[in-house]
Amino acid sequence: MSSTSPRLLILAGSARNGSLSRRLAHAASLAATQAGFVARELDLRALALPIYDGDLEAAEGLPAGANVLHQALLDSDAVLVVTPEYNGFPTPLFINALDWLSRIQASEGRPSGVAGTANKPTALLSMSPGALGGLRALNYVRQFLQMNFASLVIPQQFALGHAGDAFEADGSLKDERNRQAVQGVLNALAQLSRALPSA
């Protein structure tokens, strides 16, 4: 853990231009400084990770993007996952990136991909043009991260409904209640990330 400002890694589950998850991730990044974080947004699409395939891994090894994600996680004190809902589930982009991460083995001076997420304070946001805000996906993300990656996923979370109309031109959230909800999640995440070194 950082002895000064905790470092927050923000992962958006959808990477298309103008996606609502990227917009909410950016709004959260703006709000993260108020919680005391130094925030970094990582574009999962830019990692250029192919669909996980054991034969591909055996033939070519790990793609470079998997190591970029691994190092970004190692360099962070906390993680914020911002995901839309695809048919009630988190996105293939997010799941596939974590599938590749799980294949990284420990080497001299570097933990495995799964060890890099173990006990990492993590928070969840979702969004949707609909009223529920992608809420159904959050339970799956929570289970996936806790059971398979040993992440410390905080109970506070937020699902942004009617997200297509939720943002100002500068990327911030229009509604004060939504801003407070996101800020509350970030504050709880910051509190945990600061508490762990002395625990």
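Can you work out the FRET efficiency for the pair GLN191 and ASP165, with r the C-beta to C-beta distance and R0 = 41 Å, to the nearest 0.05?
The pair GLN191/ASP165 has a calculated efficiency of 0.85.
Would you work out if the stretch 12-61 is rounded, prolate or oblate? Take a ≥ b ≥ c from the square roots of the eigenvalues of the alpha-carbon gyration tensor; rounded if a/c is under 1.5, else prolate when a/b is larger than b/c, oblate otherwise.
Details: a/c = 4.64, a/b = 2.27, b/c = 2.05.
The shape class here is prolate.
What is the stretch 19-111 by shape, rounded, prolate or oblate, if you read a ≥ b ≥ c off the alpha carbon gyration tensor as root eigenvalues and call it rounded for a/c under 1.5, prolate for a/b larger than b/c, and oblate otherwise?
It is oblate, given that a/c is not under 1.5 and a/b is not larger than b/c.
Restricting to DSSP H runs of at least four residues, report the calculated mean residue ellipticity at 222 nm for the chain, -39500 (n - 2.57) per run over all residues, nearest 500 deg cm²/dmol.
Value at 222 nm, helices only: -12000 deg cm²/dmol.
Taking only the C-alpha atoms, wrap a convex hull around the stretch 70-144 and report its volume per residue in Å³ as a whole number.
So the per-residue hull volume is 86 Å³.
For a quick check: with amide H placed at 1.01 Å from N, whose amide H comes under 5 Å from LEU173's, ignoring anything fewer than 5 positions away on the same chain?
When sequence neighbours closer than 5 places are left aside, the close amide H contacts are GLU168.
For the chain, calculate the relative contact order in percent as a whole number, restricting contacts to Cα pairs under 8 Å that are 6 or more residues apart.
Taking the mean separation of contacting Cα pairs over the length of the chain, I get 24 percent.
Only the coordinates and a few stated rules stand behind these numbers; no lab work does. In this text the structure is predicted, and so the values were computed from the model without any measurement. All Cβ positions, glycine included, derive from the backbone under ideal geometry; neighbour counts span all protein chains shown.
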